[in-house]
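The values are calculated or read from the model by the stated rules, or taken from the named source; none is laboratory data. Predicted model only: the values in this text are computed from it and were never measured. Don't worry about glycine lacking a Cβ; one is built from the backbone with ideal geometry, like all the others, and counts go over all protein chains shown. All accessible areas refer to the heavy atoms of the entire protein, side chains included, with ligands and DNA or RNA removed. Shrake-Rupley method; radii C 1.70, N 1.55, O 1.52, S 1.80 Å.
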Amino acid sequence: MNTPLSPPGAERTDGSSVQIGALAPLTRPGWVEAGRHLLAGLDLAVREVNDAGGIVGRPLELVVRDTAADPQRAAAAVDELARLGVAALAGEYHSVVARAAAARADALGLPFLCSSAVLDALTEQPTEWVARLAPAQSHGWRIYANFLLGAGHRRIAVAADASVYWASGARVLRDYLAPRGGTVIELDMRALAPAAVCDELVDNRATALLLLVGYPEPAVSIVKSVRRDKRLAEIMIGAPAGQPEFAGWATLLGGDSAAIPFLRYLPERLSPLGARVETALRERLAEAPSFVAFEGYDTVAVLADVLRSRGADRARTAGPWARVAVEGTRGQIQFSRAPGISVWQWAWPPVQVVDRDPAEPDRFRILHAG
């Protein structure tokens with residue numbers, strides 16, 4: 001039986017609850033699957049907090065706003081949630097959207113625990129108001145680059161869309177690989193059709209192609225084109241941003257969805273807490289929960305701990321990031337000031353490189369751990 005999620009906009013206004021504003025992409029062009037998993041984790045944790053007595057006797061409540069992958073819409077949502085009096089913000093999946101939300105939260109003095117976005121420069125300047133659970137892009141993507149080197153890849157093509165996030169990812173890969181004998185060949189997807197990518201891969205003698213592009217398109221079309229080109233039978237396709245994580249990827253690509261390594265932020269073996277949450281999320285989602293769902297759960301677990309210890313006053317909520325020590329689904333969560341990162345950072349959640357098993361695309365294989 002699936003437990004329904006709290007509907008967007010269904011907030012109480014009698015002042016009896018402690019409210020957390022939740023940001024998630026719930027409509028296109030946002031990555032709706034990611035938003036649904038993120039919200040499932042947030043909502044499950046809220047229900048468990050309330051079952052355990054809430055926040056010093058007051059119920060915890062999500063006030064959900066759909067960002068639809070739009071930075072301006074996210075910034076406007078932060079303004080609205082601040083006016084409604086939420087104690088803190090949680091969530092968001094898309095990095096460029098989270099960056100806009102973080103800027104507004106910082107300007108307004110509203111605590112924001114970012115669940116999933118990885119862009120290193122989440123804020124322009126160091127801030128006390130924003131913390132993050134997901135690993136910074138520079139950390140996770142270096143682990144992915146190390147996996148590429150270990151698999152023998154030295155000529156690596158990246159099919160890249162235009163965005164701050166993709167440009168940052170390409171730079172991380174290039175900076176890590178170049179001193180170690182690797183070459184990154186950038187293919188501008190503003191100028192290339194998916195079918196034309198195949199000729200570029202052959203001409204550049206690439207042994208790996210990384211998808212630094214949107215999902216479902218053009219990622220799905222690129223995979224189909226490469227898989228059908230006999231000249232590229234030996235090339236590895238990779239997706240460090242995690243496009244193959246969700247069930248929709250396998251639905252759209254079938255057998256072509258497998259053997260495409262991506263980054264996932266889960267441990268090799270879940271703790272008893274993680275296993276219990278996995279079971280509850282699977283029932284709620286009617287499918288295997290992604291790492292994004294666990295990030296959502298852990299976000300509320302941290303905020304509930306902060307709110308219990310410091311109360312719902314915003315000015316008091318931002319200060320304790322350094323004192324957080326919470327058992328999450330993926331390990332003990334603590335925050336610190338990581339070099340080069342402007343927000344309080346969990347350094348670091350577990351990082352894996354995994355792919356879908358060609359023999360059983362619904363099963364994931366762990367290829368590398370960092």
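List of remarks:
- Total residues in the range 16-30, condition under 16 Å from R58 (Cβ atoms) and either small (G, A, S) or touching a His at 6+ places or on another chain (Cβ under 8 Å) (or both): 2
- Residue in the range 205-214 that is under 21 Å from the mean Cα position of the chain (by Cα), modelled with pLDDT under 95 and under 26 Å from P71 (Cα atoms) present: yes
- Some residue of the range 69-78 being acidic (D, E) and out of contact with any Leu (no Cβ under 9 Å at 6 or more places or on another chain): yes
- The one condition in (1) among the hydrophobic types (A, V, I, L, M, F, W, C); (2) within 26 Å of P111 (Cα to Cα); (3) part of a helix (DSSP H, G or I) that W348 fails to fulfil: (3)
- In the range 108-127, the condition of being in a helix (DSSP H, G or I), surrounded by fewer than 24 Cβ atoms within 10 Å (Cβ to Cβ) and either modelled with pLDDT of 95 or more or out of contact with any strand residue (DSSP E or B) (no Cβ under 9 Å at 6 or more places or on another chain) (or both) is met by at least one residue.
- Of the residues making up the range 338-352, at least one is crowded, with 22+ Cβ neighbours inside 10 Å and more than 22 Å from A98 (Cα to Cα).
- Criterion: within 23 Å of the chain's Cα centre (by Cα) and more than 20 Å from W321 (Cα to Cα) - qualifying residue of E48, E92, E80: E48
- R316 passes every criterion in (1) open to solvent by 10 Å² or more (accessible area, probe 1.4 Å); (2) modelled with pLDDT of 95 or more apart from (2).
- Within the set A74, A68, A134, the sole residue that is open to solvent by less than 40 Å² (accessible area, probe 1.4 Å), under 19 Å from the mean Cα position of the chain (by Cα) and under 30 Å from I235 (Cβ atoms) turns out to be A134.
- Verdict on A191 being within 25 Å of V118 (Cβ to Cβ) and either of a type outside the set (S, T, N, Q) or free of Cβ contacts under 8 Å to residues at least 60 places away in the same chain (or both): no
- Among the candidates A157, A208, A162, A196, residue that is farther than 25 Å from A121 by Cβ, of a type in the set (A, V, I, L, M) and open to solvent by 20 Å² or more (accessible area, probe 1.4 Å): A196
- For the range 264-278, the set of residues classified as open to solvent by less than 30 Å² (accessible area, probe 1.4 Å) and either free of Cβ contacts under 8 Å to residues at least 24 places away in the same chain or hydroxyl-bearing (S, T, Y) (or both) consists of Y265 only.
- If you go through the range 243-263 and keep only what is of a type outside the set (F, W, Y), open to solvent by less than 30 Å² (accessible area, probe 1.4 Å) and either under 16 Å from P349 (Cβ atoms) or not in a helix (DSSP H, G or I) (or both), you end up with E245, A258, I260, P261, L263.
- Residue check, A178 open to solvent by 10 Å² or more (accessible area, probe 1.4 Å) and in a loop (DSSP other than H, G, I, E, B): no
- Index of the failed condition, R205 passing every other in (1) free of Cβ contacts under 8 Å to residues at least 24 places away in the same chain; (2) of a type outside the set (D, E); (3) under 19 Å from R154 (Cβ atoms); (4) outside any helix (DSSP H, G or I): (1)
- On inspection, Q334 qualifies as surrounded by 15 or more Cβ atoms within 10 Å (Cβ to Cβ), free of Cβ contacts under 8 Å to residues at least 40 places away in the same chain and not aromatic (F, W, Y).
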